[in-house]
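Worksheet for the structure shown next.
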Amino acid sequence: MNPTTAPLHTRSLFHFAFNVTDLDAARRFYGGVLGCAEGRSTETWVDFDFFSHQISLHLGEPFRTQRTGRVGEHLVPMPHFGLVLLLPEWQALADRLQAAGVDFVLAPQRRFEGQPGEQWTMFFCDPFGNPIEVKGFASIEQVYAS
């Protein structure tokens, strides 16, 4: 079975480990602002359920980024990570981030309107400068539309 066409419930989970400089601030942002459930932790790292994927935040120097990625007329941080949500979940997260006063690199907006792959996107950084992109689609089948 092709992993990109497999039903969502049979796909593998993604794991991403990266650095933060303060685990308490990370808990406030990932657990409080984003609403991610906390998993295991030690004195030097903490895991979160990042929208059904595992992220591991370790104490250390966050990776360096530069605004070299082009999204329309905007330059966004590279590298970055993120996720794809269905549109109702995306809108709920956008509302939650706006209510929390998160400073967006790229405010929530629609891209490719009326075209294959129409999507909504937003970019923001965690408190340590780690850039995150969240995309929203009306249906999961549109993620790879061309």
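May I ask you to list the residues in region 128-143 that are part of a loop (DSSP other than H, G, I, E, B) and over 14 Å from the mean Cα position of the chain (by Cα)?
Of everything in region 128-143, those that are part of a loop (DSSP other than H, G, I, E, B) and over 14 Å from the mean Cα position of the chain (by Cα) turn out to be Phe128, Ala138, Ser139, Val143.
Hey, can you tell me all the residues within region 94-140 that are surrounded by 13 or more Cβ atoms within 10 Å (Cβ to Cβ) and charged (D, E, K, R)?
Arg96, Arg111, Glu118, Asp126, Glu133, Lys135
Could you pull out the residue among His80, His74 that is modelled with pLDDT under 95, within 19 Å of Gly136 (Cα to Cα) and not assigned by TED's automatic domain parsing to the domain that holds Asn19? Outline the logic, then answer.
On the way: His80 fails: modelled with pLDDT under 95.
Result: His74 is the single residue among His80, His74 that is modelled with pLDDT under 95, within 19 Å of Gly136 (Cα to Cα) and not assigned by TED's automatic domain parsing to the domain that holds Asn19.
Which of the strands (runs of 3 or more DSSP E) found entirely inside region 49-124 contain at least 2 residues meeting this: closer than 24 Å to Gly32 by Cα?
Qualifying strands (runs of 3 or more DSSP E): 54-59, 81-86, 104-111.
The values are calculated or read from the model by the stated rules, or taken from the named source; none is laboratory data. Note that this is a predicted model, so its numbers are computed, not measured. Backbone-built Cβ (ideal geometry, glycine too); neighbour counts: all protein chains shown.
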